[in-house]
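The values are calculated or read from the model by the stated rules, or taken from the named source; none is laboratory data. None of the values given here were measured: they were computed from a predicted structure. Heads up, the Cβs are rebuilt from the backbone with ideal geometry, glycines too, and the neighbour counts pull from every protein chain shown.
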Amino acid sequence: MTKVNFFILKNGIIQRKHNTIYFTYKNEKNEIVNKILPIEKIYSIYAHGRITIKSGALSYLMQYGVPVHFFNKFGFYEGSFWPRETLVSGELLVKQVEHYLNYEKRFELAKEFVKGSLKNILVNLQYYQSSHNELLETINEIKNNILLLDQQNSIQQLMAIEGNAREIYYNSWNKFLPEKLDLKKEVEDHQKI
């Protein structure tokens, strides 16, 4: 069964009645609505409204491995309730620390993360290339950046290549988005708020 992320955009209460989780809120007519949350089908909950969670509901969500993530009214991440790890042996944590302390292993992981990120960018550009032929040059630049990754010997160099590739990618958006987008203006406007 495929699980999905569940987004809550209204103010309300998450509560448990017997073995069912409900989200209770008031609709536009000020009527109380009880919406059943299909816990077996939820991967995680993203709460963007003012949400109250009853302890019984939170405990039940944790038993099913469903994390709850909270965001403020501006959409910024505030925090999460995470279920207890199912593998409590600590082996995964030990392996992560081992890779962090060993520079060669950390470098290889960093390279794979950057390579995966750039390949995702490439797939997105190739998707839009079918209807926007002017993306071929951008696609080739991203491919060249991916090839450059294997020639680097520091994490800082990998980060520089990723930054350059992302700049190329974001600058190409005006070639395939329906409306012209001025990212520099968007950033400046956002900083004024």
- What about Lys54, is it among the basic types (Lys, Arg), under 29 Å from Thr20 (Cα atoms) and surrounded by 12 or more Cβ atoms within 10 Å (Cβ to Cβ)? yes
- Task: Among the residues of region 13-71, count how many are of a type in the set (Phe, Trp, Tyr) and touching a residue at least 40 places away in the same chain (Cβ under 8 Å).
- Result: 3
- Note on the structure: Here the residues within region 1-59 that are within 23 Å of Asn72 (Cα to Cα) and in a helix (DSSP H, G or I) are Ser55, Ala57, Leu58, Ser59
- Query: Going by the conditions given, is Leu147 assigned to a helix (DSSP H, G or I) and more than 25 Å from the chain's Cα centre (by Cα)?
  - Reply: yes
- Item | One residue from Ser154, Ser172, Ser130 being surrounded by 15 or more Cβ atoms within 10 Å (Cβ to Cβ) and either at pLDDT 95 or above or assigned by TED's automatic domain parsing to the domain that holds Leu109 (or both) | Ser172
- Task: State whether the residues of region 96-105 include one that is farther than 30 Å from Ile142 by Cα and modelled with pLDDT of 90 or more.
- Result: yes
- Message: Every residue in region 57-80 that is closer than 18 Å to Lys3 by Cβ and loosely packed, with under 15 Cβ neighbours inside 10 Å, please.
- Response: Gln63, Tyr64, Ser80
- For region 93-115, how many residues are free of Cβ contacts under 8 Å to residues at least 24 places away in the same chain and either surrounded by 11 or more Cβ atoms within 10 Å (Cβ to Cβ) or in contact with a Lys or Arg (Cβ under 9 Å, 6 or more places away or on another chain) (or both)? 14
